[in-house]
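See below for the structure under consideration.
Values quoted throughout were computed directly from the atomic coordinates according to the rules given, and no laboratory measurement underlies them. Everything numeric in this text was worked out from a predicted model, so none of it was measured. No Cβ is skipped: glycine too gets one built from the backbone with ideal geometry, and neighbour counts run over all protein chains shown.
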Amino acid sequence: MLPVVANLLCIEDGQTSQRIMPRVVPDQREKFENDELFRKLSRECEIRYTGFRDRPLEERQFKCRQECSEGHADVAFAGAGVNICLTFTTNSWSENPEDRIPTREFVDFDKEPGKVHFKSQFIMNGVCVIWKGYLDLLRLDGTGWLEFDEERAQVEDSLLRQQIEQYNRGLRDFEDRQRHYQQAQERQAETEAEGAQGSSYDLLDPKPGPSSGS
């Protein structure tokens with residue numbers, strides 16, 4: 001299976017309590033238009049609902065309709081070997097679950113009888129995309145494709161530039177601290193060396209003591 005990158009990656013390091021890793025690549029459109037995986041998925045592909053595969057068909061049909069109504073579904077691009085848990089909600093980028101609501105714009109049971117049409121916004125392999133397609137509610141298969149999400153890509157590009165600048169600023173601060181520390185260590189070493197050298201001179205050339213009376 002080909003990998004799908006999550007929307008957010010976080011790591012901890014010794015200099016900051018938490019650093020947000022970039023979620024997108026520097027040139028998203030170039031990757032979307034030239035990457036083999038995106039070129040394949042940007043064409044109409046056969047898709048299948050993959051939830052509850054060990055259950056009877058009637059139960060899976062019910063679960064598919066239920067999950068889509070809730071705003072999510074597990075879908076596979078049959079010819080590409082890619083499985084994705086899609087979400088069909090507004091404000092999919094919000095960290096507040098209450099903002100992510102399934103609406104008719106994202107999941108529509110009325111557009112075509114016996115089918116559910118939906119779209120999903122997410123970041124895949126560092127590129128902002130919109131997935132569009134439909135599922136037949138009886139056969140549990142259908143058609144789907146990816147489109148480049150220009151609007152969200154601009155937002156993520158701006159965030160990426162901010163993250164790079166923040167990282168570079170933190171790196172400069174770290175290098176300055178390292179340089180100042182090294183300079184302080186060198187000055188301390190020079191002071192200790194001068195002190196040690198003065199003590200050596202005192203031992204080699206002691207001052208004459210008071211002469212004894214005749």
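Quick notes on this one:
- On the basis of the beta-carbon distance and an R0 of 41 Å, Asp27 and His180 show a calculated FRET efficiency of 0.65.
- Here Lys111 is the anchor, and the lysines within straight C-alpha reach of less than 27 Å, apart from those fewer than 8 places off in the same chain, are Lys40, Lys63, Lys119, Lys132.
- Contour excess over end-to-end distance, with Cα ends at Arg169 and Cys85 and 0.36 nm allotted per residue: 26.6 nm
- Subtracting the Cα-Cα distance of Glu192 and Ser69 from 0.36 nm times their residue separation leaves 36.8 nm of extension gain.
- A full extension of the chain between Asp141 and Glu59 corresponds to an added length of 28.0 nm, given 0.36 nm per residue minus the alpha carbon distance.
- Amide H contacts of Ile47 (H built 1.01 Å from N, in plane; Pro and chain starts excluded): Ala78, Gly142, Thr143, Gly144 sit under 5 Å, all sequence-distant by 5 or more or on other chains.
- FRET efficiency estimate (nearest 0.05) - Cβ-Cβ, Leu159 to Glu105, R0 30 angstrom: 0.80
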